[in-house]
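Engineer: Once you've had a glance at the structure underneath, I'll fire off some questions.
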Amino acid sequence: MKLILLGPPGAGKGTQAQILATKLGVPTISTGDILRAAVKNGTPVGLEAKGYMDRGELVPDAVVIGVFLDRISQDDCKHGYIFDGMPRNLAQAQELDRQGIQIDTALSIEISDAEIEKRLTGRRVCPDCAATFHVESDPPQKDDVCDRCDSVLIIRVDDEAETVKQRLAVYHAETEPLKDYYKGQGKLITVQNINGIEETTAAVLKALGI
Ligand code: AMP
């Protein structure tokens with residue numbers, strides 16, 4: 001299974017990617033997670049990416065494509081993958097095609113901007129293993145503690161209200177047109193995220209025929 005997850009920030013791409021990755025036994029490649037790890041480790045890529053990420057803008061294509069190609073050249077990607085957050089604009093989608101990186105399906109998770117703004121304020125993430133929780137819809141077993149690795153959960157800088165508005169604007173301008181791009185290739189499937197994680201997962205599995 002070679003899958004791209006499309007959708008605005010906070011649509012549940014990361015959560016669905018984790019569920020699908022476990023079910024299908026393929027890795028999730030999240031460029032956001034790779035970039036956040038680079039920022040945390042203070043690498044040259046991280047230093048370059050940080051300002052863009054904090055402002056809710058896209059990191060330049062050359063930087064993202066470089067770290068992405070490194071990651072997918074690893075052995076665990078040989079038999080499939082789920083891309084979460086990549087490609088994010090037309091140039092990146094065309095670069096994947098040029099590199100011969102094949103995709104079976106682009107799955108777009110649809111949700112309104114108003115719902116996104118409500119959801120992102122409640123999002124909590126693990127700074128160590130990148131697991132994601134939500135204070136209301138997907139709370140950790142212990143308040144503010146990661147179920148997987150026991151680290152203290154944090155609120156991402158880019159989940160603050162003004163930055164969320166900027167990220168939504170970037171999504172509509174740059175990423176949403178990819179739906180037409182993949183529709184043109186006959187690869188687009190859309191799923192509504194209306195009633196939370198479990199119903200969305202059920203709709204995703206049904207749409208993918210698994
Ligand atoms: P995400 O966790 O996917 O929402 O990504 C967080 C941030 O990382 C985004 O707001 C961008 O600044 C940056 N980012 C992640 N993936 C990409 C990408 N494919 N192209 C450009 N910037 C990206």
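Engineer: Using only DSSP helix segments of four residues or longer, with each worth -39500 (n - 2.57), what per-residue ellipticity at 222 nm results for the chain after dividing by its residue count and rounding to 500?
Structural biologist: -13500 deg cm²/dmol
Engineer: Quick one: work out the % antiparallel among DSSP beta bridges in the chain, nearest 5.
Structural biologist: Of all bridge pairs located within the chain, approximately 25 percent are antiparallel.
Engineer: If amide H atoms are built 1.01 Å from N in the plane of the peptide, which residues on other chains or at least 5 residues away come under 5 Å of the amide H of residue 131?
Structural biologist: Counting only residues 5 or more places away or on other chains, the set is 126.
Engineer: I've got another one for you. Assigning unit charges at the beta carbon (Lys, Arg +1; Asp, Glu -1) and nothing else, what dipole magnitude in debye, to the nearest 20, does the chain show about its Cα centre?
Structural biologist: Once rounded to the nearest 20, the dipole reads 400 debye.
Engineer: Shifting gears a bit: Most exposed first by the Cβ proxy, i.e. fewest other Cβ within 10 Å, how do 123, 98 rank?
Structural biologist: 98, 123
Engineer: Follow-up. In terms of modelled amide H atoms, which long-range or inter-chain residues lie less than 5 Å from the amide H of residue 153?
Structural biologist: 145, 146
Engineer: For 158, 84, 104, what ranking results if the residue with the fewest other Cβ atoms within 10 Å of its Cβ goes first?
Structural biologist: 104, 158, 84
Engineer: Ok, one more. Compute the distance from the alpha-carbon center of region 1-33 to that of region 90-132, in whole Å.
Structural biologist: 7 Å
Engineer: Tell me, what HN-Hα J-couplings in whole Hz come from the Karplus equation 6.51 cos²θ - 1.76 cosθ + 1.60 at θ = phi - 60° for each residue of region 92-106, using x for Gly and Pro?
Structural biologist: After applying 6.51 cos²θ - 1.76 cosθ + 1.60, I find 5, 4, 5, 5, 4, 4, 4, 7, x, 7, 8, 10, 7, 9, 10 Hz.
Engineer: Can you work out ³J(HN,Hα) from phi for every residue in region 146-158, in order, using Karplus 6.51 cos²θ - 1.76 cosθ + 1.60 and θ = phi - 60°, giving whole Hz and x for Gly and Pro?
Structural biologist: Using θ = phi - 60°, the values come out as 5, 5, 7, 10, 6, 6, 6, 6, 10, 9, 5, 3, 7 Hz.
Engineer: Pick out, from 60, 210, 21, the residue whose Cα sits farthest towards the positive end of the charge dipole of the chain, with +1 on the Cβ of Lys and Arg and -1 on the Cβ of Asp and Glu.
Structural biologist: Comparing the listed Cα positions along the dipole, 210 ranks first.
Engineer: Can you work out ³J(HN,Hα) from phi for every residue in region 41-47, in order, using Karplus 6.51 cos²θ - 1.76 cosθ + 1.60 and θ = phi - 60°, giving whole Hz and x for Gly and Pro?
Structural biologist: These are the phi-based 3J(HN,Hα) values: 7, x, 6, x, 4, x, 4 Hz.
Engineer: Rounded to two decimal places and with Rh computed the Kirkwood way over Cα pairs, what is Rg over Rh for region 1-124?
Structural biologist: Ratio of gyration radius to Kirkwood radius: 0.95.
Engineer: Find the eigenvalues of the gyration tensor of the Cα atoms of the chain, then list the square roots of 5 times those eigenvalues as equivalent ellipsoid semi-axes, largest first, in whole angstrom.
Structural biologist: Semi-axes from the Cα gyration tensor: 23, 21, 18 Å.
Engineer: For residue 76, put the label point 7 Å out on the Cα→Cβ axis and report which residues of region 96-123 keep their amide N under 16 Å from it.
Structural biologist: none
Engineer: Here is a further query. Amide H of residue 110 versus every other amide H placed in the peptide plane: which residues, excluding those fewer than 5 positions away on the same chain, fall under 5 Å?
Structural biologist: 191, 192, 193
Engineer: Another one. Identify the trypsin sites (Lys or Arg not before Pro) of region 4-82 meeting these criteria: DSSP loop state and at most 16 other C-beta atoms within 10 Å of the C-beta.
Structural biologist: The qualifying sites are 78.
Engineer: By how many nm would the segment from residue 110 to residue 176 lengthen if fully extended, with 0.36 nm per residue of separation less the alpha-carbon distance?
Structural biologist: That pair, residue 110 and residue 176, stretches by 22.7 nm at full extension.
None of the figures in this text is laboratory data; all of them are computed from the coordinates on show. Quantities reported herein were computed from a predicted structural model and do not represent experimental measurements. Positions of Cβ are generated from backbone atoms using ideal geometry, with glycine treated the same way; all protein chains shown enter the neighbour counts.
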